[in-house]
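Taking it in order: structure first as structure tokens, then the write-up.
The values are calculated or read from the model by the stated rules, or taken from the named source; none is laboratory data. Source: prediction; values computed, not measured. We place every Cβ from the backbone using ideal geometry, glycine too, and count neighbours over all the protein chains shown.
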């Protein structure tokens, strides 16, 4: 019987899924067969044409469990690796009768896994990159990662590039342009969103690179990005919600530089090779764990004394964002644009 591996990553965001793909690559090489991934519908496009992925199934958490179970059973999987555990997926791989089931330890439902993997971040580790933490699941099944496994693969296809070009042409944007991703997937009603501070960063980038500033985000970010755009003095435009995820990847690849808050698009930009500055303003953002991986990246680390309990979802002031230094961000962007692309290094190096 041939080995068939199911990789489950239905929780978290785009960054969480991308961080699991190195482990999927290691598993595909170890078992000499591409894996099948089970992910959220929103994240699915990021795995299209990935060399380690044979096919992709989707679950939004609302799909009838019996229907999903039938599809998983039909896959004839010999191994399941659950990167993002919850009772639903733990029960799914167990009830599907998959013989080898690797998942998170220290959960009430962990007995449903045959291989229980400790998550080192739960024991105080704040320095390991999340790709290496996720790689522990592959190691638990015998895979030995190589440095090149830690490269995030997002191939820009001709149709992705054509979409990006069409969006830019419709918006009247010509190269060169810089991207300012001042969004983090928060509700448009998030209190005290620092539009003026983010406008100052955008103005500084536009002046430093003598280029139009393109603001990116989802359709849900449109209102907050329009506030930023209206407060800026340099030429700019918001393209919030104007592209698919794949189209956004192609658009980011065309940018002179991408400056982004800690977010999924930050990881996408770095992966497609765009010079990328990732901004980690909150003390809880953990840049060592979540820094973008790519050939030309820089990180703005937390410096504002946020309270230890502060989270982006509950912050009422966003004082850390207001305290950002536009000059420091511009300097980091100019430095990585001037430097030649470096070889991609392993996340743990």
Completion exercise
For the range 107-122, the count of residues that are buried (at least 17 other Cβ atoms within 10 Å of the Cβ) and more than 16 Å from residue 141 (Cα to Cα) equals 1
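Find the residue count for the range 135-144, including only residues that are part of a loop (DSSP other than H, G, I, E, B) and either buried (at least 16 other Cβ atoms within 10 Å of the Cβ) or within 20 Å of the chain's Cα centre (by Cα) (or both).
So the answer is 2.
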Exercise for the section: Report whether or not residue 179 is assigned by TED's automatic domain parsing to the domain that holds residue 264, touching a strand residue (DSSP E or B) at 6+ places or on another chain (Cβ under 9 Å) and either more than 30 Å from residue 118 (Cβ to Cβ) or crowded, with 18+ Cβ neighbours inside 10 Å (or both). Expected result: yes
Handout entry: Positions within the range 1-47 being in contact with a helix residue (DSSP H, G or I) (Cβ under 7 Å, 6 or more places away or on another chain) and in a loop (DSSP other than H, G, I, E, B), in sequence order
Key = 3, 10, 13, 34, 43
Exercise for the section: Examine the range 202-212 for a residue that is surrounded by 16 or more Cβ atoms within 10 Å (Cβ to Cβ) and not in a helix (DSSP H, G or I), and state whether such a residue exists. Expected result: yes
Practice task
Kindly provide the set of residues from the range 55-74 that are part of a strand (DSSP E or B) and either at pLDDT below 95 or surrounded by 14 or more Cβ atoms within 10 Å (Cβ to Cβ) (or both), ordered by number.
Solution key: 56, 57, 58
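Which fully enclosed strands (runs of 3 or more DSSP E) of the range 230-349 have 1 or more residues being closer than 23 Å to residue 172 by Cβ and touching a strand residue (DSSP E or B) at 6+ places or on another chain (Cβ under 8 Å)?
It comes to 236-238, 258-261.
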Problem - Leading residue by the ranking (surrounded by the fewest Cβ atoms within 10 Å (Cβ to Cβ)) among those in the range 145-163 that are more than 12 Å from residue 52 (Cβ to Cβ) and in contact with a helix residue (DSSP H, G or I) (Cβ under 6 Å, 6 or more places away or on another chain) - result: 161
Exercise for the section: Filter the range 86-106 for residues that are modelled with pLDDT of 95 or more and either part of a loop (DSSP other than H, G, I, E, B) or surrounded by fewer than 20 Cβ atoms within 10 Å (Cβ to Cβ) (or both) and give the result. Expected result: 86, 87, 88, 91, 94, 95, 96, 97, 98, 99, 100, 105
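Answer yes if at least one residue in the range 158-175 is more than 21 Å from residue 337 (Cα to Cα) and modelled with pLDDT under 95, and no otherwise.
no
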Practice task
Kindly indicate whether any position in the range 286-296 is free of Cβ contacts under 8 Å to residues at least 40 places away in the same chain and either assigned by TED's automatic domain parsing to the domain that holds residue 216 or surrounded by fewer than 24 Cβ atoms within 10 Å (Cβ to Cβ) (or both).
Solution key: yes
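Got a sec? Which of 240, 269, 260, 253 is more than 24 Å from residue 338 (Cα to Cα) and surrounded by 18 or more Cβ atoms within 10 Å (Cβ to Cβ)?
Result of the check over 240, 269, 260, 253: 240.
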Problem - Answer from 215, 252, 282, 239 - the residue that is within 17 Å of the chain's Cα centre (by Cα) and in the same structural domain as residue 318 (by TED's automatic domain parsing) - result: 252
